[in-house]
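Here, each number is a calculation from the coordinates, and none is a lab measurement. The shown structure was predicted, so the numbers you read here are calculated from the model rather than taken from an experiment. Note that we place each Cβ from the backbone using ideal geometry, even for glycine, and neighbour counts take in every protein chain shown.
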């Protein structure tokens with residue numbers, strides 16, 4: 001029988017291995033963290049969404065998702081379109097940003113827009129379902145009675161990662177105090193979003 005603590009540690013390690021990567025969601029959380037803009041709600045949405053999906057995966061939703069490939073394909077196309085659109089907006093910001101430093105609050109998103117963007121980047125990304133519902137759900141269920149300890153570890157990994165990415169991004173504010181640095185960040189975000197979106201559409 002697997003000890004709950006060992007299962008939780010496995011969940012923590014597995015969760016971190018899946019979410020610590022350059023992706024659309026992480027790039028957005030980092031950017032908002034750097035701008036110190038609605039960080040709390042965005043971190044809560046990303047970590048909370050992971051918690052819901054991980055719990056669903058451990059609870060058996062993964063099998064249901066695998067039985068509905070058409071739904072997964074539809075989500076992939078919608079997500080791809082959203083990612084490419086967001087990437088193009090980031091590219092526009094990088095291209096048109098003036099040489100004068102824009103303040104941290106300039107061009108800030110409204111709380112509603114920031115929240116809706118975080119929700120879209122999370123729930124319209126098929127990789128989120130693959131990582132949380134299918135992969136973590138499958139691995140977690142292999143722990144039998146300790147599967148909920150595994151789930152707790154995986155959820156903890158998500159909370160730690162997004163909190164560090166969002167609130168830790170504030171420390172980069174001084175580094176990104178120059179307009180060129182903002183343009184570079186938006187450029188990286190644009191390339192990341194568009195690349196992921198195109199690849200997602202190609203696999204759909």
Inset, instruction - Could you check the simple spin-label distance between residue 184 and residue 5, using points 7 Å along Cα→Cβ, in nm with one decimal? - result: 4.5
Legend entry - Exposure proxy ranking, count of Cβ atoms within 10 Å, fewest first, for 45, 54, 194: 194, 45, 54
